[in-house]
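Colleague: Got a structure here, written out as structure tokens. Questions coming.
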Amino acid sequence: MKNIQQIKLGILGGGQLGRMLAQKAFDFNIQLYVLDPDKDCSCKFLGNFLTIGNFRDFDTVYQFGKDKDLITIEIEDVNVDALKQLQKEGVQVFPKPEHIEMIKDKGLQKMFYKEHHLPTANFLWMDEPNWMNLENKIPFVQKLRVGGYDGKGVSVIKNQYDASKLMQGSSLIEELVDIEKEIAIMGARNEAGQIKLFPVVELVFNDEANLLDYLFSPANVSIEIELKAKEIAGKLLQEMQFVGLLAIEFFVTKKGEVLINEIAPRPHNSGHHTIEANYTSQYEQMLRAIFNLPLGNTEAIQAAVMYNVLGEKGYEGVAIAQGIEKLCEMPGAKLHLYGKTITKPFRKMGHITITAKSLQEAVDEMNELKKYFKIIA
Ligand SMILES: Nc1ncnc2c1ncn2[C@@H]1O[C@H](COP(=O)(O)OP(=O)(O)O)[C@@H](O)[C@H]1O
Ligand SMILES: [Mg+2]
């Protein structure tokens, strides 16, 4: 068996998740190669170890992967057929190509939950959504089966006036859930079958940008809700026989049910805070999982809030971070900029994690910092 330093790891995608994964891979002296179409991507600092190419193209992925030992992803919108071919030829691919294929299609995800009796909102599939067949389902949520992210490809239809919000394309039609709160769990499973879950976090959304505004850890939920979510997460990782890092988003309903919303087979917004706030970060846990190493301690060290640093409204152009001095004066704030040259309104430019002895202290610090720290042009 090869030592981990002898394994050539290829990552499909050089965005911020790939960048933070690379940062942790350096600590293990892992030989790392990244594929991304954009020469100005967040992994541009890798120099010759960054290959410029389209990870949605069969030949590009195949050529990139064939001299590697292990391939992983930081985005699920990749060419799965090439990954299957590489796997056939002896390259290890984690998460498994079948899982990437299933997860990138929200329709197939939902089928999996249903078949495995995992709780999720009721749904149906519709290849060509049309108002005639849907009017009697109001209120509902329409989701494009593939290609959506950060609220794009999701349309909430609450009444007759929302008819114009209906999107074209093969869709999932979900019942509108009466959401009390949204929570998430990051979980990992290695090939040996070991499973570890991070503590439950609570997500607060920015309705205007349809992006996560901030999350906090630990979530403010009852022990019953926490246990329900953990049980579902563990069952999901186990029944999928998943290998890698899995993000699981849940809805807690007003009635106290815990429903799976969606999953992602990679590092996730919901786990960024683990870099500072937990003994093991989501990035390290992912590496441990895909290299089949013992998984790390996921316990929280301190309470934390994490918020996305979005491009300020009204600014577009070469990005400037304003308020670094203020940030450095804060006792618990840690900055992660993603190396993106150009800012525009609501673009994810980085994140900030604030750890503190109590959640309230962390939240207060965040609210203070938000007044000063901005990405402008
Ligand atoms: N069935 C639903 N009922 C109510 N709200 C929903 C439902 N599905 C999604 N949403 C809301 O829309 C957001 C985005 O949906 P999601 O499926 O997570 O797509 P994305 O890929 O954009 O994250 C969710 O976080 C939630 O706030
Ligand atoms: Mg989501």
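The values are calculated or read from the model by the stated rules, or taken from the named source; none is laboratory data. None of the values given here were measured: they were computed from a predicted structure. Cβ placement follows ideal geometry from the backbone for every residue including glycine, while neighbour counts extend to all protein chains displayed. These accessible areas exclude ligands, DNA and RNA; they are computed on the full protein's heavy atoms, side chains included. Shrake-Rupley method; radii C 1.70, N 1.55, O 1.52, S 1.80 Å.
Colleague: Which residue pairs have Cβ atoms closer than 6 Å, lie 6 or more positions apart in sequence or on different chains, and pair a first residue in segment 261-273 that is open to solvent by 10 Å² or more (accessible area, probe 1.4 Å) with a second residue that is of a type in the set (D, E, K, R) and within 11 Å of ligand 1 (Cβ to nearest atom)?
Modeller: Listed pairs, sorted by first residue: 261/249; 262/249.
Colleague: Of all residues in segment 331-358, which are buried (at least 17 other Cβ atoms within 10 Å of the Cβ), in contact (Cβ under 8 Å) with a residue 40 or more places away in the chain, charged (D, E, K, R) and in a loop (DSSP other than H, G, I, E, B)?
Modeller: If the condition is that a residue be buried (at least 17 other Cβ atoms within 10 Å of the Cβ), in contact (Cβ under 8 Å) with a residue 40 or more places away in the chain, charged (D, E, K, R) and in a loop (DSSP other than H, G, I, E, B), then 340 is the only one that fits.
Colleague: Output the residue which, of all residues in segment 121-136 that are surrounded by 11 or more Cβ atoms within 10 Å (Cβ to Cβ) and free of Cβ contacts under 8 Å to residues at least 40 places away in the same chain, is nearest to residue 167 (Cα to Cα).
Modeller: Of everything passing the filter in segment 121-136, 131 is nearest to residue 167 (Cα to Cα).
Colleague: Hey, another quick one. Which condition from (1) more than 20 Å from the chain's Cα centre (by Cα); (2) away from ligand 1 (no atom under 11 Å from the Cβ); (3) touching a residue at least 60 places away in the same chain (Cβ under 8 Å) is the one that residue 190 breaks?
Modeller: (1)
Colleague: Name the residue, out of 230, 196, that is closer than 21 Å to residue 74 by Cα and charged (D, E, K, R).
Modeller: Criteria check complete, one pass: 196.
Colleague: Okay, moving on. Can you work out which of the residues in segment 241-251 that are out of contact with any Gly (no Cβ under 9 Å at 6 or more places or on another chain) and open to solvent by 10 Å² or more (accessible area, probe 1.4 Å) is farthest from residue 289 (Cα to Cα)?
Modeller: Among residues in segment 241-251 that are out of contact with any Gly (no Cβ under 9 Å at 6 or more places or on another chain) and open to solvent by 10 Å² or more (accessible area, probe 1.4 Å), the one farthest from residue 289 (Cα to Cα) is 251.
Colleague: Hey, another quick one. Any idea which of (1) over 22 Å from residue 12 (Cα atoms); (2) away from ligand 1 (no atom under 16 Å from the Cβ); (3) in contact with a strand residue (DSSP E or B) (Cβ under 8 Å, 6 or more places away or on another chain) is the one residue 314 doesn't satisfy?
Modeller: Condition (3) is where residue 314 drops out.
Colleague: Give segment 122-143 a look and list any residue that's in contact with a helix residue (DSSP H, G or I) (Cβ under 9 Å, 6 or more places away or on another chain) and within 13 Å of ligand 2 (Cβ to nearest atom), or say none.
Modeller: Hit for segment 122-143 is 143, nothing else.
Colleague: Go through (1) more than 16 Å from ligand 1 (Cβ to nearest atom); (2) at negative phi and name the single condition residue 268 misses.
Modeller: Evaluating residue 268 over (1) more than 16 Å from ligand 1 (Cβ to nearest atom); (2) at negative phi leaves (1) as the failure.
Colleague: Right, here's the next one. Among the numbered criteria (1) open to solvent by less than 40 Å² (accessible area, probe 1.4 Å); (2) without any contact (Cβ under 8 Å) to a residue 60 or more places away in the chain; (3) under 21 Å from residue 146 (Cα atoms); (4) of a type outside the set (Lys, Arg), which single criterion is violated by residue 13?
Modeller: Condition not satisfied by residue 13: (2).
The rows are residues; the columns are (1) buried (at least 18 other Cβ atoms within 10 Å of the Cβ); (2) of a type in the set (Gly, Ala, Ser).
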residue: 149; (1), (2): no, no
residue: 152; (1), (2): no, no
residue: 162; (1), (2): no, no
residue: 168; (1), (2): no, no
residue: 172; (1), (2): yes, no
residue: 177; (1), (2): yes, no
residue: 183; (1), (2): yes, no
residue: 186; (1), (2): yes, no
residue: 192; (1), (2): no, yes
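Colleague: Is it the case that residue 107 is within 16 Å of ligand 2 (Cβ to nearest atom) and either without any contact (Cβ under 8 Å) to a residue 12 or more places away in the chain or not in a loop (DSSP other than H, G, I, E, B) (or both)?
Modeller: It is true that residue 107 is within 16 Å of ligand 2 (Cβ to nearest atom) and either without any contact (Cβ under 8 Å) to a residue 12 or more places away in the chain or not in a loop (DSSP other than H, G, I, E, B) (or both).
Colleague: Does segment 78-100 contain at least one residue that is within 12 Å of ligand 1 (Cβ to nearest atom) and in contact with a Phe, Trp or Tyr (Cβ under 9 Å, 6 or more places away or on another chain)?
Modeller: No - not one qualifying residue is present in segment 78-100.
Colleague: Report, by residue number, each residue of segment 16-40 that is in contact (Cβ under 8 Å) with a residue 60 or more places away in the chain, under 19 Å from residue 283 (Cα atoms) and in a loop (DSSP other than H, G, I, E, B).
Modeller: Selection gives 28, 30.
Colleague: Would you tally the residues in segment 110-154 being in a helix (DSSP H, G or I) and touching a strand residue (DSSP E or B) at 6+ places or on another chain (Cβ under 6 Å)?
Modeller: 2
Let's see how each residue does on (1) among the aromatic types (Phe, Trp, Tyr); (2) within 16 Å of ligand 1 (Cβ to nearest atom); (3) modelled with pLDDT of 95 or more; (4) more than 17 Å from the chain's Cα centre (by Cα):
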{"site": "235", "(1), (2), (3), (4)": "no, no, yes, yes"}
{"site": "246", "(1), (2), (3), (4)": "no, yes, yes, no"}
{"site": "251", "(1), (2), (3), (4)": "yes, yes, yes, no"}
{"site": "254", "(1), (2), (3), (4)": "no, yes, yes, yes"}
{"site": "257", "(1), (2), (3), (4)": "no, yes, yes, yes"}
{"site": "264", "(1), (2), (3), (4)": "no, yes, yes, no"}
{"site": "274", "(1), (2), (3), (4)": "no, no, yes, no"}
{"site": "282", "(1), (2), (3), (4)": "no, no, yes, no"}
{"site": "294", "(1), (2), (3), (4)": "no, no, yes, yes"}
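Colleague: Then there's this: Report whether or not residue 71 is in contact with a strand residue (DSSP E or B) (Cβ under 8 Å, 6 or more places away or on another chain) and free of Cβ contacts under 8 Å to residues at least 24 places away in the same chain.
Modeller: no
Colleague: Evaluate the following for residue 315: is it in a strand (DSSP E or B), of a type in the set (Ser, Thr, Tyr) and either open to solvent by 50 Å² or more (accessible area, probe 1.4 Å) or within 29 Å of residue 104 (Cβ to Cβ) (or both)?
Modeller: no
Colleague: For segment 47-63, enumerate the residues that are farther than 24 Å from residue 268 by Cα and hydrophobic (A, V, I, L, M, F, W, C).
Modeller: 58, the sole residue that qualifies.
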